[in-house]
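Bear in mind these aren't lab numbers, they're just calculated from the coordinates by the rules spelled out. Note that the structure is a prediction, hence the values are computed from the model and not measured. Counting neighbours? That spans all protein chains shown, and the Cβs are built from the backbone with ideal geometry, glycine included.
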Number of protein chains: 2
Amino acid sequence: MRPPRLSRALLVPVVLATVAASLLTSGAARAAGEAGAVDMLPILAGLVLILVGAKLGGTLFESIGQPAVLGELLAGVVLGNLGLVGIHALESLRTDLGLSILAQIGVLFLLFQVGLGSDVQKMMAVGVSSFMVALLGVITPMVLGYFVSLWFFPAHHPLTHWFVGATLTATSVGITARVLADLRRTDSTEGRIILGAAVIDDVMGLIVLAVVAGIIAAADRGAAFQPVTVLWIGGKSLLFLLGAVIVGRWLSERTFKLAARLRGEGILVAVALAFCFGIAYLAGRVGLAPIVGAFAAGLVLDEVHYRELNERHHEGRDLHELLKPIAAFLVPVFFVLMGIRVDLAAFAQPGVLGFATVLTLVAALGKQACSLGVFEKECDRLAVGLGMIPRGEVGLIFASIGSTLMIAGERVVDAAVFSAVVVMVSLTTLVTPPLLVWRLRAIDARAATREKPGRR
Amino acid sequence: MRPPRLSRALLVPVVLATVAASLLTSGAARAAGEAGAVDMLPILAGLVLILVGAKLGGTLFESIGQPAVLGELLAGVVLGNLGLVGIHALESLRTDLGLSILAQIGVLFLLFQVGLGSDVQKMMAVGVSSFMVALLGVITPMVLGYFVSLWFFPAHHPLTHWFVGATLTATSVGITARVLADLRRTDSTEGRIILGAAVIDDVMGLIVLAVVAGIIAAADRGAAFQPVTVLWIGGKSLLFLLGAVIVGRWLSERTFKLAARLRGEGILVAVALAFCFGIAYLAGRVGLAPIVGAFAAGLVLDEVHYRELNERHHEGRDLHELLKPIAAFLVPVFFVLMGIRVDLAAFAQPGVLGFATVLTLVAALGKQACSLGVFEKECDRLAVGLGMIPRGEVGLIFASIGSTLMIAGERVVDAAVFSAVVVMVSLTTLVTPPLLVWRLRAIDARAATREKPGRR
């Protein structure tokens, strides 16, 4: 297979986007026949652009030895920033509710698949490292973020600096999980430590947010902060995780045993998805990210649970195979949409770029402290540190909460800080795939060299 | 496999719904961590209920010899009408935007699959019958609707009666397509005539709406009606259908030839879906239902088009197999949601029930005129007439447009008429599966008896 010519490959998405843009804007006079229903047309147009963009971007980057996910992200960046060359029609993609929902379901699938490919025992075996990686990865960026904010905005209230630090804490595991999957390294020691740490990290991030936001709200009211609320929030999410692993396994076994008695087609897919969505829902209810629940659902769902179901229905293939087409549809929607949401214009705002650059550096370097938490000898510490870099929605959510909090009459997160957080999220997302690929390949190369005399 | 006990099977969805309802309402204090993002939790809870309900309902009805789709519809009716027994928490399912979008994508998949299983040549062979079936099925209910409206509301403006007639015209092919698929009769003569007629019917419905709404708008302004707009609307959609069949085939071949050069996983699924969504989008742009586009996309996409792609990527399985898991996820969402939207309370409105009953009868009987349009000898005319009964979204869309139109100071479609249309849509949807199953089984039984001496 010869690699596609770069220039043409780059041209195609631009031309496509231009055509789509003209279609989207031309004749706003849509037939009256659609009034009253959900307007599916922008969603359909968006899906076509996203799927085509994802595959073109993926092909381009795979042909230069990079993971497909980077191509999908950059295809999204192109689609989302055509406004810079005067094409504004696609900007609605960034806020389209339908695409956003499909993307969220897509990332649930990804983590469910990753969970299915993971093993509780093996995850537990690196549990101490995962915990330490998460802890160091929360504390270091938070402290660094505090000082960066203090340096740039010395006049702000000290609590606002802590809030900026808090936006740097939570790792967004989607990108790393996808890179690991693209490189088939999900089941490596590094992969397991990162995935475990990301789950714990999410719990810690939740606690950090509760503490910082609670202290700020109490300070603004002049009241004392109630540590008991924080205990409750932390306890709830730990309870969920324990429950998911212990009760979840039993529940999965029971569910599929009962489901084996159902009739009709597609039972395995429907029941497995209901299980995944159910646990994801419960995770969301205790305040964790739903993807943590989807991962837990995959983790506890074991092939033996649905063996009986499969034998009765002769659906024959295993769940992993059945989920592939759904993932092929929905997972790219998530990554392309993440790219679309990278707002290049935010990089150019005066007074933002300096702070954003330092914040991004601190975000990336701060997570390198994670490598100190790895106790396994055969594990590459740098790979773990790099895998923890991406910040995602959680950082943005923190920032948006901060922009609603007031202290001493000033907003905790103002427009400039918010833009800087957006830039930080974008950059940490975009730099991780190439860095992680570079590192994992270097390990492989080293291993290959070491083994050369013996085996190859 | 022993059939599930009926009483228990009925109990489970109710208990599940009650638990879910309490979860949905309890502690509205969701963690602040979610502010700013799409709230996925109601969608996830809804999907769990829908998937579990679909499979329980499907099992129940398959075990009594009815198609799964009827069980899915009735599971939805139960979920959507728990308000009648005091549980109101699930009523938000009826209007949830996310579920609605997933359902719309689900019905696109269904029609795409049906299209993939159909053959243009064979469709064309029964084209004359399809056209006559569509024509008779539009005219008869419309005329009958006019007289029913005149009978119940003699004081209304004559044009409002024509509008009521118009709401009875368009067949909603989703239900029939699903029943045909459940019974593996998509490729029968009856199946082909119904599918073809439903496509043509959609074009005619569009023209009828444009004419009636145009005349009403013109009459209200005191201006003359411009027939040229109607010509343009009809011409556009005919052009689309011709284009889809002729250009679509060429486009499909080219697209998959180019796609064979892409790299990465899931290319076939992604490209096929982009093709389906693209044609569905274009159908929507000319004012047709997007499902007509999805059906056309499936119709022109031929296995030979993606043979090269499959050989290069060793994805091995054919598209039909790959789409199955996606359909298993999304198609039930459509049918359960249709059931959820059946508002039993609408049946009990004073002054509605009489009109609604007669309107439903006229809607069902009016389509029986379709059987006169069938010229094939070996085709069961009653099955065609029954298959054309369901009215769906299009009827509701017509009604909602009517409620925005005014003539001589009165609303063309008032609240009572609107409710009656809702009841008509619900009932025609619910009666079709059992009637069609009964008829198709009767044909099979007759054929078996006739063949008995020879073969069995």
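For the reader, a short list of remarks on this structure follows.
- Exam field: residue B:219 pseudo-label spacings to other copies (7 Å along Cα-Cβ), nanometres: 7.0
- Amide H contacts of residue A:407 (H built 1.01 Å from N, under 5 Å, at least 5 apart or other chain): A:412
- Length-normalised contact order for region B:368-412 - Cα pairs under 8 Å, 6+ apart - percent: 25
- As a calculated quantity, the FRET efficiency between residue B:120 and residue A:406 at R0 = 56 Å, using C-beta atoms, amounts to about 0.30.
- FRET efficiency, residue A:441 to residue B:153 (Cβ-Cβ, R0 51 Å, nearest 0.05): 0.10
- Candidate cross-link partners of residue A:324 among the lysines, defined by an alpha-carbon separation under 16 Å and a same-chain spacing of 8 or more, comprise A:55, B:324.
- Sorted from shortest to longest, the distances between the residue B:91 label points of this copy and the other copies are 3.9 nm, with each point 7 Å from Cα along the line through the beta carbon.
- Spacing of the two label points (7 Å from each Cα toward its C-beta) at residue B:321 and residue A:431, in nm: 4.5
- Trypsin sites (Lys or Arg not before Pro) restricted to DSSP loop in region A:150-247 with at most 15 other C-beta within 10 Å: A:184
- Between this copy and the others, label points of residue B:353 are 7.3 nm apart in ascending order, each placed 7 angstrom from Cα in the Cβ direction.
- Span-rule helices in chain B, defined as complete DSSP H runs reaching 24 Å or more along the axis (Cα) with Kyte mean at least -0.5: B:6-25, B:41-63, B:97-116, B:127-152, B:189-221, B:227-259, B:267-285, B:319-340, B:415-451
- Label-to-label distance, nm, for residues given as residue B:229 and residue B:304 (7 Å Cα→Cβ offset): 4.5
- Mean separation of Cα pairs under 8 Å and 6 or more residues apart, divided by the residue count, gives chain A a relative contact order of 25 percent.
- Partner chain coverage, peptide A:92-101 - average Cβ within 10 angstrom: 3
- 10 Å Cβ neighbours from other chains, averaged over peptide A:60-68: 2
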